[in-house]
Amino acid sequence: MLKDIKIAIIGCGNLGTSIVNGLLEQADFQPQNLHVTKRNPENLLYLQDKGVRVHSDNLIAAQEADLVILGVKPYNVSAILREIKPALDPNKQVIISLATGITLDEMYTVLDPQTTVFRAMPNIAADIQESVTCICGRNQSESSEEKVKQLFNSIGFSITIDEGLMEAATILGACGIAYVLRFMRAMIQGGIQIGFDAKTASKIVNQTVKGAAELMIQKQIHPEEAIDKVTTPKGCTIVGLNEMEHQGFSAAMVRGILVSFEKIEKK
Ligand SMILES: NC(=O)C1=CN([C@@H]2O[C@H](COP(=O)(O)OP(=O)(O)OC[C@H]3O[C@@H](n4cnc5c(N)ncnc54)[C@H](O)[C@@H]3O)[C@@H](O)[C@H]2O)C=CC1
Ligand SMILES: O=C(O)[C@@H]1CCC=N1
C-alpha cells in the first residue's frame with residue numbers, strides 16, 4: 001500500500017515537485033512519510049503545511065526512507081550517492097534515479113553491489129497523475145519492484161523497459177511533453193491569427209489535443225486511421241495537412257527527436 005511506503009526525494013526541483021504534487025492528491029498517501037530535500041529549501045516550505053518533511057539533510061532523508069528518489073541533475077548524482085551511502089542498507093533502501101543518461105553501472109561505482117537500484121523516467125504530468133514512467137532496475141526483488149511500480153502507477157502509469165532504451169524513453173516521454181506543448185503553442189498562435197483571442201484559442205486547442213490523445217488511448221488505433229476520418233476529399237483539412245508536410249512538419253519532429261537523443265548519447 002502506498003500509505004506504508006516511506007519516500008525521500010533528494011533534490012526536489014521541477015520534476016520532484018511534480019511528483020510530490022501528484023502524490024499529495026492520493027487519498028492513501030501519508031505526507032509525513034515523505035521527505036523532500038533541496039540545498040536551499042525555502043521555496044518548498046509551503047509543503048510543510050501539508051505534512052511533508054522539508055529540509056536540506058540528505059542523509060536523514062535517505063536514512064528514513066524505503067524508496068530514495070534522486071531528483072538532482074545528472075552531474076550531481078555521484079556526489080549525492082557518496083553523501084548518502086553511510087545511511088544506506090542494501091536490505092532496506094531502494095534507490096531510484098531520475099537522472100538523464102546516468103547508467104546503473106555508473107551508480108554502482110559508488111554503491112554497494114547488493115543495493116537495489118532503479119532508473120525511472122517520468123514526466124511533469126506526474127503533477128496531475130498523468131505521467132508515463134519508464135523504469136528499469138537491477139538486484140530487485142518482486143516486492144521492491146512492486147513498491148516502485150506502485151509509486152509511479154499512482155502518478156500515472158509505468159512501463160518496465162530494458163536499460164538500453166532508457167535514453168530513448170527520456171526523449172519520447174520526458175522531453176516529449178515539451179514537444180507536444182510547443183505544438184500546442186503553435187496551434188494557439190494559428191488560432192489567434194484566424195480570429196480567436198488567446199484564451200479561447202487555448203481552450204479549443206487544449207480540449208482538441210486531449211480529445212485526440214483519449215481517442216488514441218481508448219480506441220488503440222494508429223493516428224492516420226483517425227486522420228482519414230477528418231480529411232474530406234478536396235476539403236480544408238487535407239490542404240492544411242499537406243501544406244504542413246511541405247513545410248517539414250513531420251520531418252522537423254523526427255529531426256528534433258534525433259537531435260535530442262544524440263545530445264544524451266554524447267554526454
Ligand atoms: N524536468 C523534467 O521534466 C525531467 C527531468 N529529468 C531529470 O530529473 C532530474 C531533475 O531535473 P529537474 O527537476 O528539471 O532539475 P531541477 O534543477 O529543477 O532540480 C534539481 C534540484 O536538486 C537540488 N539540488 C542540487 N544539489 C543538491 C544537493 N546536494 N542536495 C539536495 N538538493 C540538491 C537543486 O536545488 C534543485 O532543486 C535531472 O537529472 C533530469 O535529467 C528527467 C525527466 C524529466
Ligand atoms: O532536458 C533535459 O535534459 C531533461 C531530461 C528530460 C527532460 N528534461
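Annotation: Q93 fulfils all but one of (1) within 22 Å of Q129 (Cα to Cα); (2) crowded, with 22+ Cβ neighbours inside 10 Å; the unmet one is (1). Across segment 114-126, what is the total count of residues that are away from ligand 1 (no atom under 13 Å from the Cβ) and either part of a helix (DSSP H, G or I) or of a type in the set (S, T, N, Q) (or both)? Counting residues in segment 114-126 that are away from ligand 1 (no atom under 13 Å from the Cβ) and either part of a helix (DSSP H, G or I) or of a type in the set (S, T, N, Q) (or both) gives 3. The set of residues in segment 47-61 that are of a type in the set (S, T, N, Q) and touching a residue at least 12 places away in the same chain (Cβ under 8 Å) comprises S56, N58. Would you point out the residue of segment 162-184, among those that are of a type in the set (V, I, T) and more than 18 Å from I69 (Cβ to Cβ), that is nearest to the chain's Cα centre (by Cα)? Out of the qualifying residues, it is I177. Just to be sure before I move on: is F157 within 27 Å of the chain's Cα centre (by Cα), surrounded by 10 or more Cβ atoms within 10 Å (Cβ to Cβ) and under 30 Å from R119 (Cβ atoms) in the structure I sent? Considered against the rule, which asks whether it is within 27 Å of the chain's Cα centre (by Cα), surrounded by 10 or more Cβ atoms within 10 Å (Cβ to Cβ) and under 30 Å from R119 (Cβ atoms), F157 comes out as yes. Within segment 127-181, being more than 15 Å from ligand 2 (Cβ to nearest atom), in a helix (DSSP H, G or I) and not polar (S, T, N, Q) holds for I128, E142, E145, E146, K147, V148, K149, L151, F152, E163, G164. Taking each residue of segment 62-73 that is closer than 8 Å to L98 by Cβ and looking for partners that are polar (S, T, N, Q) with beta-carbon atoms closer than 7 Å, six or more apart or interchain, yields L70/S97. Suppose the filter is away from ligand 2 (no atom under 16 Å from the Cβ) and touching a residue at least 40 places away in the same chain (Cβ under 8 Å); does L104 pass it? For L104, the condition - away from ligand 2 (no atom under 16 Å from the Cβ) and touching a residue at least 40 places away in the same chain (Cβ under 8 Å) - is met. Is it the case that I5 is within 16 Å of ligand 2 (Cβ to nearest atom), in contact with a Lys or Arg (Cβ under 9 Å, 6 or more places away or on another chain), of a type in the set (V, I, T) and on the phi < 0 side of the Ramachandran plot? So I5 does not fit the description; no.
Considering the conditions (1) within 16 Å of ligand 1 (Cβ to nearest atom); (2) exposed (fewer than 10 other Cβ atoms within 10 Å of the Cβ), K263 is excluded by exactly one of them, (2).
Here, each number is a calculation from the coordinates, and none is a lab measurement. The model shown is predicted, which means the values in this text are computed figures rather than measured ones. Positions of Cβ are backbone-derived with ideal geometry, glycine not excepted, and every protein chain shown enters the neighbour counts.
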